[in-house]
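First up is the structure itself, then whatever we jot down about it.
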Amino acid sequence: QKLLLQNADVPVIMNTYFSQKVLLSEHSEAREKAYGLTKMLIRKNIISLAQTFRLDDLDDKLHQESSDNQVPCAPQTHNNGDPKQHPSALSTINDSLLEMVESQGAVGWRDVQVRVVIQRVYCLPAREGYRSHTDGSKPLCATPVVNSDPPNVRLCLLVQDAYGMFSEVQLQSLSSTDDIEQYCRRWEGKSCCLAGMKILQRTTRGRALGLFSLIDSLWPPVVPVKVPGQSQDSEMMTTNLPPPSFCYILTVQSGEIHVEVDEEEQISNLYQPPAVYGLKEILRNDGCNERCSFWAQVLYRRLQSKHSVPIDQREMLLFVTDSTLQNVVHGIPKVVAVSVTASCVLSMEIIEALSAGSRLVFFKDALWGNGRIICVERTVLLLQKPLLCSAADADLSELTGPVRLDELDSTTQANSICALRGTVVGVNESTAFSWPTCNRCGNGKLELCPQDRELLYCNQCSEVVTTPVLKMQLEVFLNCPSRSQSTVKVKVWHEITLFVLLTMLLFPQTYEVQSVLGKEVGLLNCYVHSVTSHPNCVVLEEIVLL
């Protein structure tokens, strides 16, 4: 609709797609009197559009002055403090996010707060610079969203109001990603009051698939919610509710108390804890881009080898299993790959734990679809399972006994791990090579020492390497009964089963390859690099499980 504003010559186009016109008819007036409904739930504060869109010179001047005087600082969350500054001391308490947005506008909420339930707590990578909601060339609410100090991530809340509407609240940058676990335990499921918010962005399903996949996993609500436009005494609804089609991204205003979480309060009935399933049930689900939560043992991790991309921005593969997969006989793999994208924020506790060895990890709100499990933005990895989670009749018993891998066969795919047995039919001597590594840190890129060109120097340790460890690589061809029509090439390293076997056989005979031909090897744990049909070849690398 085109609006002509009074005392202004600038036309305004208003998008009414999400608007609903409510007209009080005689019938509705009579019904309201009969039921004694005197208070409508939605209260509108009339705000001049000229003021909202900065069409008034005075407003422009005031806005400029406030912008000049604004000092950015890291916003904080508070559980107590000066009563004058406490959110509960504010004049108006609301329970509708949409009403707050409509009545307060995009610039910021003043003297009001809204009560919501925290459904999820997670971290998002902070983007550099300013993200702003703009009208033409004027920034209405330019907002600093990063602290340039590491780890450069921002604590976020996914909240839901009494009407079922969601908003994502972006809070302060965290000094340590290890804090995320305690925030999840303390805040998820609790009610909180938001004050001093302003709109960073209004996003829709088509522009934020990741956010809405998480929202869809929490829809429909588990308890009846209020219906906009109806009185508080009207019957609430849980069925036939359309899923949300838009969501407001909120951020905090500097220098104010913004979020009050009542940690002593009981868990809200509106809260939906993550539904935990066994991996077998997840793999059998035909859904696409659905969120899933599971508890699994990490057996092996591998950085994707895109050398042009920095290590902290590379995708990582975690190979995991659980009791539901280990007990399967046919049809479902015993180990599944979980892809961890660079946008999934991992705590240092998780990274260090995976480096140290095999661990049980709780994957919360991972994305499942097209045969893949992916950890993306808003996925959280924890070493401890949340206190509140729904097991959904899943078999969550811990693994007992050794872990079994699927043997190499005609169904084996690239970027998977498998067990391999076969007979040595050849050794590629032309590709065999060796290199020295640091005996302290394992660095394989040693340099000549500037002071003594006969010694090696390690940049990572900043010390001379006097006793380097020699590493070697060989390529071995095997004949495998499970893939009798394929050429099976295995890349092996020293200190690994197959390499030790080969060196024991080769070195006493001074590299007589004939001495190892026909020898049987296996079972070997291998990572599958590639599987091709023309030529029919499988390229693997022997690995050591965590």
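The values are calculated or read from the model by the stated rules, or taken from the named source; none is laboratory data. Because the structure is predicted, anything quoted here is derived from the model rather than measured. Cβ: placed from backbone, ideal geometry, glycine included. Neighbour counts: every protein chain shown. Just so you know, the surface numbers come from the protein's heavy atoms only, side chains and all, with ligands and any DNA or RNA stripped out. Shrake-Rupley method; radii C 1.70, N 1.55, O 1.52, S 1.80 Å.
With respect to ASP322, determine if the residue is in contact with a Leu (Cβ under 6 Å, 6 or more places away or on another chain) and acidic (Asp, Glu). Yes, satisfied.
Among the residues of the stretch 355-370, the ones that are farther than 27 Å from SER217 by Cα and surrounded by 19 or more Cβ atoms within 10 Å (Cβ to Cβ) come to 0 in all.
Of everything in the stretch 327-344 that is within 16 Å of LEU399 (Cβ to Cβ) and open to solvent by 30 Å² or more (accessible area, probe 1.4 Å), the residue that is modelled with the lowest pLDDT is ASN327. Of the strands (runs of 3 or more DSSP E) lying entirely inside the stretch 121-235, those containing at least 1 residues that are buried (at least 19 other Cβ atoms within 10 Å of the Cβ) and modelled with pLDDT of 95 or more span 153-160, 166-173.
Select from the stretch 242-265 the residues that are at pLDDT 70 or above and over 27 Å from the mean Cα position of the chain (by Cα) and list them in ascending order. Within the stretch 242-265, GLU264, GLU265 qualify. Cβ-Cβ distances below 7 Å connect no pair with a first residue in the stretch 455-468 that is not assigned by the TED database to the domain that holds ASN439, a second residue that is open to solvent by 60 Å² or more (accessible area, probe 1.4 Å), and a separation of six or more residues or different chains.
Scanning the stretch 268-316 for residues that are in a loop (DSSP other than H, G, I, E, B) and modelled with pLDDT of 90 or more gives SER268, ASN269, LEU270, TYR271, GLN272, PRO273, PRO274, TYR277, GLY278. Counting only strands (runs of 3 or more DSSP E) wholly contained in the stretch 427-481, the ones carrying 1 or more residues that are under 30 Å from ASN536 (Cα atoms) occupy 469-479.
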